[in-house]
Amino acid sequence: MSEATPSEDPPSLAVDPLLDDPGIRIIVCCGAGGVGKTTTAAALGLRAAERGRRVVVLTIDPARRLAQSMGLTELDNVPRPVPGIDGTAGGELFAMMLDMKRTFDEIVEGHADPARARAILENPFYQSLSAGFAGTQEYMAMEKLGQLAARGEWDLIVVDTPPSRSALDFLDAPQRLGSFLDGRFIRMLMAPAKAGGRAGRKVMSLGMAGLSLFTGTIGKILGTALLRDVQTFVAAMDTMFGGFRARADATYRLLQAPGTAFLVVSAPQWDALREAAYFVERLAAERMPLAGLVLNRVHTSGATRLSAERAEAAAEVLEARKISAADGIVDHSPGQNASRSGRPSPEAGPEAGSSVPAATDDGSGVDEDADHLASALLRVHAERMRQITREERMRARFTALHPEVPVAEVAALPGDVHDLAGLRAIGDRLAP
């Protein structure tokens, strides 16, 4: 995110109207890792449910924090009802966690006859592909979203996108995997299996010599056993390859539809907001409907009138008083009668005394401790004000680049969110 001249305050993101809009059927929370996407998705789902909608939250978070915050022992590939929500408005809340391999298995089982499905599921190459091939998680997240939308059981689907180093992965991986499974390399591997009978043998003898040489070379690189597994997998999946591309395209169109709203989630930090700005630009380029930016963990103070500089100066005054008192150097008001010890004499009366409190007679140092505590608090406040200033500067840079993007700020909580009460607090901050 490049330097930009700060602009006026951005438009405010109206969260409750977004959640209440019956035309909005899908909300996708996306952004860099570690900015609170999972918590935001859960808080939005809970708030929408308690405002009367039937909601399912789909998370791809490996930390399983969503299950913990919703009071569930575990989440899996099946939507589970969340207990303890306020259902007086008639809403319901379900939650689920993407099981990448199980979702892939469901695709196979739903688009192949039992014998072929069993051959695919037992194939070693398929087992490796479904468990960890690059882009599989993102593809299966979109596959599951498409399944949920097609079922029509929920008023609103809230998606917590996969944690990723690049904002491009979420949008690109489904098409990348679909292109791989439907690509030229796979078709070349499929050709020997599709060439059968006498005609096939003639093709193999005349036109496939180069392919045999190719597969022989690949076999030396990958290993004969792996190549055989790949070819067996390809032969079994022959009738399904076109479906991967078709489903990827259908889900992509679903994301572009008016009933979908993207929320870019970020934190008031340089790297996170730079990623957020890039994602906003990418969504615009792909004609994806952006609802706004959720800025999490924003620090605030109830004493903003006391600047960092004034707080630092006051702390230095208190610390200087402490040093002076320790050295026996204590200033007195004019006309006061003090003893050599620096304490007022008995004849001076109860109103006499030093203008700077000294240590008590019993050595407890109550006044010195109070000064020390006040000084420490002033320095903590000064650091908080500097942090607030840095965050405001970061937000201003983003706003200057994208003044049209509505923003909702979520004040930082004192602790982690681990239950429904914490999610409600986040929801209240999202829609004050």
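Of all the numbered requirements in (1) at pLDDT below 95; (2) within 27 Å of Q137 (Cα to Cα); (3) not in a strand (DSSP E or B), L58 misses one, and that requirement is (3). Is it the case that some residue within the range 118-141 is farther than 20 Å from V265 by Cα, open to solvent by 10 Å² or more (accessible area, probe 1.4 Å), part of a helix (DSSP H, G or I) and of a type in the set (F, W, Y)? The answer is yes; a qualifying residue exists. Going by the conditions given, is A284 open to solvent by 20 Å² or more (accessible area, probe 1.4 Å), on the phi < 0 side of the Ramachandran plot, modelled with pLDDT of 90 or more and part of a helix (DSSP H, G or I)? Yes: the conditions hold for A284. Does A311 count as open to solvent by less than 10 Å² (accessible area, probe 1.4 Å), more than 17 Å from the chain's Cα centre (by Cα) and either under 26 Å from R395 (Cβ atoms) or aromatic (F, W, Y) (or both)? So A311 passes the test.
When the range 248-267 is filtered for residues that are part of a loop (DSSP other than H, G, I, E, B) and open to solvent by 10 Å² or more (accessible area, probe 1.4 Å), the ones remaining, listed by number, are A257, P258, G259.
Residues checked against (1) in a loop (DSSP other than H, G, I, E, B); (2) in contact with a Leu (Cβ under 6 Å, 6 or more places away or on another chain); (3) at pLDDT below 90; (4) not aromatic (F, W, Y):
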site	(1), (2), (3), (4)
I323	no, no, yes, yes
I329	yes, no, yes, yes
G335	yes, no, yes, yes
S341	yes, no, yes, yes
E347	no, no, yes, yes
A358	yes, no, yes, yes
D361	yes, no, yes, yes
H372	no, no, yes, yes
L378	no, no, no, yes
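The values are calculated or read from the model by the stated rules, or taken from the named source; none is laboratory data. Only a predicted model underlies this, so the values are computations on that prediction, with no experimental measurement involved. Counting neighbours? That spans all protein chains shown, and the Cβs are built from the backbone with ideal geometry, glycine included. Side chains included, ligands, DNA and RNA excluded: accessible areas come from the protein's heavy atoms. Shrake-Rupley method; radii C 1.70, N 1.55, O 1.52, S 1.80 Å.
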